[in-house]
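Trainee: Quick one: the structure is below, questions incoming.
The values are calculated or read from the model by the stated rules, or taken from the named source; none is laboratory data. Because the structure is predicted, anything quoted here is derived from the model rather than measured. Note that each Cβ is placed from the backbone with ideal geometry, even for glycine, and that neighbours are counted across all protein chains shown. Accessible surface areas use protein heavy atoms only, side chains included; no ligands, DNA or RNA. Shrake-Rupley method; radii C 1.70, N 1.55, O 1.52, S 1.80 Å.
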Amino acid sequence: MSTTTYANLADTLRRQGVTLVAVSKTRPLAQLQALYAQGQRIFAENRVQELVARQAEMPADVSWHLIGHLQKNKVKYLAPFVQLIHSVDSLELLQEIDKQAARVGRVIDCLLQFHIAQEETKYGLTEAEAVALVEDPVYATLHHVRLCGVMGMASFTDDKAQVRAEFDALRGIFTRLRDRYFADQPYFRELSMGMSGDWEEAVAVGSTMVRVGSLLFSD
Ligand SMILES: *Cc1c(COP(=O)(O)O)cnc(C)c1O
């Protein structure tokens with residue numbers, strides 16, 4: 001992507017109050033540095049090993065997000081620095097994040113990941129599972145994690161109506177959870193949805209955070 005195109009996308013999103021997360025997975029470090037030089041400060045990886053390696057190589061003011069499936073035994077590696085984990089899909093994982101955050105004296109922001117697409121392979125909770133998670137007495141004992149909203153991926157399809165319907169369903173889940181369990185917690189406000197191929201649909205439906213990879217990094 002050219003310098004002007006990045007600036008245009010960043011500016012379009014900024015004017016709408018939408019956070020741009022640059023998904024840098026599999027890209028060479030030089031491409032991350034180029035984007036950093038243009039002002040991008042939030043980067044995301046889907047593998048813990050990559051996240052840790054890049055955090056060491058990039059400037060200290062980068063905010064690092066994890067977007068991929070997270071195994072419990074890897075949480076300890078990212079606990080010291082991760083700013084937002086988009087992919088929490090079980091209470092057990094949240095407990096482990098809480099434990100590792102406590103060890104390093106942090107509170108880690110997390111999103112609940114939902115399964116909204118038709119594809120079978122994508123991870124994520126159903127609304128009923130999320131309700132069970134936040135109503136579990138164990139959840140109330142976790143003081144080193146903060147649920148800040150929800151994340152989801154739409155089906156990989158050209159059918160824009162379907163993509164919008166899936167994003168709309170995620171917004172519905174977000175709104176119901178917020179009103180029922182987080183009404184007094186203003187930080188529960190993130191609706192992480194939209195990627196290179198569908199960020200416009202996501203923003204139209206109310207996304208607060210888009211995760212864009214190929215569009216930013218292809219040349
Ligand atoms: C790879 C990935 C993205 C970015 O996808 P692009 O189509 O390259 O923009 C966003 N979210 C998740 C969870 C991903 O794994």
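Trainee: If you count only protein heavy atoms with a 1.4 Å probe, what accessible area per residue comes out for the chain, rounded to a whole Å²?
Mentor: Numbers: 10520 Å² over 219 residues.
In whole numbers, the chain has 48 Å² accessible per residue.
Trainee: Using a probe of 1.4 angstrom, how much of the accessible area of the chain is carbon and sulfur, in percent? Don't skip to the end; give the middle numbers.
Mentor: Working: 5230 of 10520 Å².
Its accessible area is 50 percent carbon and sulfur atoms.
Trainee: Once phi is turned into ³J(HN,Hα) by the Karplus curve 6.51 cos²θ - 1.76 cosθ + 1.60 with θ = phi - 60°, what whole-Hz value does each residue of the range 139-150 show in order, with x for glycine and proline?
Mentor: In residue order, the calculated couplings are 4, 5, 8, 8, 10, 10, 10, 9, 7, 10, x, 10 Hz.
Trainee: For the range 103-189, what does the alpha-carbon gyration tensor say about shape, rounded, prolate or oblate, given a ≥ b ≥ c as the root eigenvalues, a/c under 1.5 as rounded, and a/b over b/c as prolate? List each step's numbers first, then the result.
Mentor: Working: a/c = 2.19, a/b = 1.90, b/c = 1.15.
Taking the square roots of the gyration eigenvalues as a ≥ b ≥ c, the range 103-189 is prolate.
Trainee: Count the net charge of all other residues whose Cβ sits under 13 Å from the Cβ of D198, scoring Lys and Arg as +1 and Asp and Glu as -1.
Mentor: Numbers: positive: K160, R164, R211; negative: D158, D159, E166, D168, E200, E201.
Neighbourhood net charge equals -3.
Trainee: Show me, for the range 70-85, the HN-Hα J-couplings you get by feeding each phi into the Karplus relation (A = 6.51, B = -1.76, C = 1.60, θ = phi - 60°), rounded to Hz, glycine and proline as x.
Mentor: Here the 3J(HN,Hα) series is 10, 8, 4, 6, 9, 4, 4, 6, 9, 3, x, 9, 4, 8, 7, 9 Hz.
Trainee: Next up: In the range 11-110, which trypsin sites (Lys or Arg not before Pro) are in a loop and have at most 11 other Cβ atoms within 10 Å, using DSSP for the loop call? Could the numbers behind the result be given before it?
Mentor: Working: sites: R14, R15, K25, R41, R47, R54, K72, K74, K76, K99, R103, R106; in loops: K25, R41, R47, R106.
Answer by residue number: there is no such site.
Trainee: What does the charge count near E135 come to, summing +1 for each Lys or Arg and -1 for each Asp or Glu among other residues with Cβ under 14 Å from its Cβ?
Mentor: Details: positive: R176, R180; negative: E127, E129, D136.
Taking every other residue near E135 into account, the sum is -1.
Trainee: Sticking with this one: Residues with beta-carbon under 10 Å from that of K160, excluding K160: net charge, scoring Lys, Arg +1 and Asp, Glu -1?
Mentor: Numbers: positive: R164; negative: D158, D159, D198, E200, E201.
Taking every Cβ under 10 Å from that of K160, the sum is -4.
Trainee: Let me ask something else. On average over all directions, what projected area in square nanometres does the chain have, based on the convex hull of its Cα atoms? Walk me through the numbers on the way to the answer.
Mentor: Details: hull surface 47.0 nm².
Result: a mean projected hull area of 11.8 nm².
Trainee: If amide H atoms are built 1.01 Å from N in the plane of the peptide, which residues on other chains or at least 5 residues away come under 5 Å of the amide H of R146?
Mentor: I108, D109, C110
Trainee: Still on this model: For a quick check, take a GNM of the chain with Cα springs below 10 Å and name the residue from M58, M195, M151 with the largest mean-square fluctuation.
Mentor: M58
Trainee: Same structure again: Let's see if you can work this out: charge +1 on each Lys and Arg Cβ, -1 on each Asp and Glu Cβ, no other charges. What is the dipole magnitude of the chain about its Cα centre, in debye to the nearest 20? Numbers along the way, then the final one.
Mentor: On the way: 23 positive and 27 negative charges, 140 e Å.
About 680 debye.
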